[in-house]
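The values are calculated or read from the model by the stated rules, or taken from the named source; none is laboratory data. These numbers were taken from a predicted model, which means no experiment stands behind them. Cβ coordinates were reconstructed from backbone atoms using ideal geometry, including for glycine residues, and neighbour counts include every protein chain displayed. Side chains included, ligands, DNA and RNA excluded: accessible areas come from the protein's heavy atoms. Shrake-Rupley method; radii C 1.70, N 1.55, O 1.52, S 1.80 Å.
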Amino acid sequence: MVDANPNVSHTSYDSKIEGNIIITRVDAAINWMRKNSLWPMPMGLACCAIELMATASSRFDISRFGAEVMRFSPRQADVMIVAGTVTYKMALAVKRVWDQMPEPKWCIAMGACASSGGMYRSYAVLQGIDRLIPVDVYISGCPPRPEALIEGLLKLQRMIDKEQSFMAQKRVPVEA
Amino acid sequence: MSVLEDAQAMTSGEVSEFRGETTVVVPLAELKASLKKCRDAQGYEMLLDISSVDYLGEEPRFEMVYELATLDDSKHLRIKAKVAEDEDVPTASDLWKTANWHEREVYDMMGIKFAGHPQMERILMWEGYPYFPLRKDFPLAGKESNMPEVAFSGVAPLEGGPFVTSPGATREHGEPRARGES
Ligand code: SF4
């Protein structure tokens, strides 16, 4: 790009410097990178997982929103999508997988079961995954349609956009 | 031979028929022999299911239910046996391999033990869970328990539910109503 008027120079772009330079805030840059490449950890536990799979497939194509890289290793994932009924027997396993995900991480509770136990008011089902791990987005429905999951993902992206990522870097106290 | 004749051919046991389904109730002591006879002599080679019923307040408290069928599926026969709370049931897993997991499920949910079973452990709940959740005196909402590092359980909020029907009363009384926490 060559400036039409050589006497006017943009603050954000200087053709004399080799390569392209964009001036922005660190937060904005970090958030922009994070939100558009969310790698989900598919925690498919029951019927909702089928809708999660549909969302990932060609018809709904979650890759349009940068979240198609489903990782089956929690160490490579950013967002855990809890899709299905969390039984007490599974609950601590879900927690363990969550604990293995590196920060920053987010959680989407997909469907009535993951949000609140759903129709299973019973001895065997955890009454919402938020009793064990922090949830950022709840999606209603039994199961939610893929559009709803995508809407939830977009909500999460908007949330990430507002984060103070630089300030919020976890300060881990150094042990003496 | 018809199912009814098969059932009557079994020496002891009370035979009943309801809507084309034949049921034999045998004493617990004869259960194993009856099952074996059904399989070997009468051609009921397939075990479809094993389940159990809790008649809380009655004596004996539990009842085992075995669903048998012939391989060509032409005949079905149900065998029942009453079990008291402190009695063990002889395992059927040496007659039918499939009985192995069915019996573990009965043990897991009802707490009925099977003598001679190769692996008498819980199958659905985790080992160490202190209750038998399908017993009638277990609340539907569940109970609290905690096994550190393994699993925990809590009480589900029922908000006045569940909506249950009551048996045996007038229609008005038997309608589904919220009847407290369990
Ligand atoms: S919310 Fe509905 S569809 Fe989803 S896991 Fe629960 S029962 Fe299945």
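Which residues, if any, in segment B:86-127 lose at least 40 square angstrom of accessible heavy-atom surface (probe 1.4 Å) when the other protein chains sit next to their chain rather than the chain being alone?
So the qualifying set is B:Trp126.
Before I look further, what does the protein assembly as shown give for accessible area per residue, probe 1.4 Å, in whole square angstrom?
On the way: 20510 Å² over 358 residues.
On a per-residue basis, 57 Å².
Could you work out, residue by residue across B:22-34, how many beta carbons of other chains sit within 10 Å of that residue's beta carbon, and then give the average as an integer?
On the way: counts 0, 0, 0, 0, 0, 0, 0, 0, 0, 0, 0, 0, 0.
Counting Cβ atoms of other protein chains within 10 Å of each residue's Cβ and averaging gives 0.
How do B:Glu45, B:Glu14, B:Glu87 rank by accessible surface area computed with a 1.4 Å probe, from largest to smallest? All intermediate terms of the calculation are to be shown ahead of the outcome.
Details: B:Glu45 100, B:Glu14 125, B:Glu87 75 Å².
These residues rank, largest area first, as B:Glu14, B:Glu45, B:Glu87.
Could you give the radius of gyration (one decimal) and Dmax (whole number) of the Cα atoms in chain B, in Å?
18.9, 57
Heavy-atom accessible area of B:Arg78 with all protein chains present, probe 1.4 Å, nearest 10 Å²?
50 Å²
For segment B:1-41, what ratio Rg/Rh do Cα atoms give with a Kirkwood hydrodynamic radius? Write down the numbers at each step before the final one.
Numbers: Rg = 9.9 Å, Rh = 10.5 Å.
Over the Cα atoms of segment B:1-41, Rg/Rh equals 0.95.
Over the Cα atoms, compute the radius of gyration (one decimal) and Dmax (the largest Cα-Cα distance, rounded to a whole number) for the protein assembly as shown, in Å.
30.0, 112
As a test of reading the structure, rank B:Arg122, A:Arg158 by solvent-accessible area (1.4 Å probe, protein chains only), most first.
From most accessible down to least: A:Arg158, B:Arg122.
Take the cross-link list B:Lys37/B:Lys136; A:Lys105/A:Lys155; B:Lys82/B:Lys143; A:Lys95/B:Lys143 and give me the ones stretching past 25 Å between alpha-carbons.
Values: B:Lys37/B:Lys136 33 Å; A:Lys105/A:Lys155 15 Å; B:Lys82/B:Lys143 28 Å; A:Lys95/B:Lys143 21 Å.
Those over the limit are B:Lys37/B:Lys136; B:Lys82/B:Lys143.
Counting only other residues whose beta carbon sits under 15 Å from that of B:Leu47, what net charge do I get with K and R as +1, D and E as -1?
On the way: positive: B:Lys32, B:Lys36, B:Lys37, B:Arg39, B:Lys75, B:Arg78, B:Lys80, B:Lys97, B:Arg104; negative: B:Asp40, B:Glu45, B:Asp49, B:Glu67, B:Asp73, B:Asp94, B:Glu103, B:Glu105.
So the environment of B:Leu47 carries a net charge of +1.
For segment B:3-135, with all protein chains present and a 1.4 Å probe, just round the carbon and sulfur fraction of the accessible area to a whole percent. Can you show the working numbers first?
Values: 3340 of 6580 Å².
Roughly 51 percent of what the probe reaches on segment B:3-135 is carbon or sulfur.
R0 = 45 Å: FRET efficiency of B:His173 with B:Trp101, Cβ-based, nearest 0.05?
Numbers: r = 40 Å, r/R0 = 0.88.
It comes to 0.70.
Take the Cα atoms of segment A:40-161, find their three principal axes, and give me the spread along each one in whole Å, biggest first.
Sorted from largest, the Cα extents of segment A:40-161 read 40, 29, 23 Å.
Considering only protein heavy atoms, with the full assembly of protein chains and a 1.4 angstrom probe, order A:Ser140, A:Ser63 by accessible area, largest first.
Values: A:Ser140 95, A:Ser63 45 Å².
Largest to smallest exposure gives the sequence A:Ser140, A:Ser63.
Residues of segment A:81-101 losing 10 Å² or more of accessible area relative to the isolated chain, 1.4 Å probe, heavy atoms only?
Those residues are A:Tyr88, A:Lys89, A:Leu92, A:Arg96.
Ballpark to the nearest 100 Å², how much total accessible area do B and A bury together, probe 1.4 Å? All intermediate terms of the calculation are to be shown ahead of the outcome.
On the way: alone 10650 and 11100 Å², together 20510 Å².
In total, this chain pair buries about 1200 Å².
List the aspartates and glutamates whose alpha-carbon lies under 15 Å from that of B:Lys113, not counting same-chain residues fewer than 8 positions away?
Answer for B:Lys113, where 15 Å is the Cα cut-off: B:Asp54, B:Glu63, B:Glu85, B:Asp86, B:Glu87, B:Asp88, B:Glu103, B:Glu105, B:Glu121, B:Glu127, listed by chain and number.
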